[in-house]
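One structure is given here, and the rest of the page talks about it.
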Amino acid sequence: MSVNSKHMATFLLGAAAAFGAYKYSKLSDEEKERLISTLKEKAHNLKDQAEESVDKAKDYFAELKAKGGDALKEHFPEADEFLSRLFKSDKQSGNTPDVTNSTTSTTATTTTTPGT
């Protein structure tokens, strides 16, 4: 049985967790409370940063969408009219492409070999 990187990483993670538990058990009650409060504070700060990043991402993509639409309208002024005609005309008139009534046909050819 060979040892691959997953096994090594699992072993190292377990050793780090065991060492952390050992160090935590050797701390005084006051040090434990300080450690827990700092961990809670760091987790809260991380959560706040993540929420801010989500809000920034929403704003960024909304701005990108608006700028992209403006750029499209600038270079292709009839874009709104073209797209509305393209997508609304088929839905309103009921003219959807019918692929079942195709006019193309295929012919099958058979070849025979002598002696078969």
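The values are calculated or read from the model by the stated rules, or taken from the named source; none is laboratory data. Note that this is a predicted model, so its numbers are computed, not measured. Virtual Cβ from ideal backbone geometry, glycine too; neighbours counted across all protein chains shown.
The condition of being at pLDDT below 60, on the phi < 0 side of the Ramachandran plot and assigned to a helix (DSSP H, G or I) holds for only one of 91, 47, 73, 65, that being 91. Taking residues in the range 18-34 that are in contact (Cβ under 8 Å) with a residue 24 or more places away in the chain, and partners anywhere that are surrounded by 10 or more Cβ atoms within 10 Å (Cβ to Cβ), not one pair has Cβ atoms closer than 9 Å while being at least 6 places apart or on different chains. Scanning the range 1-44 for residues that are exposed (fewer than 10 other Cβ atoms within 10 Å of the Cβ) and part of a loop (DSSP other than H, G, I, E, B) yields 1, 2, 3, 4, 28.
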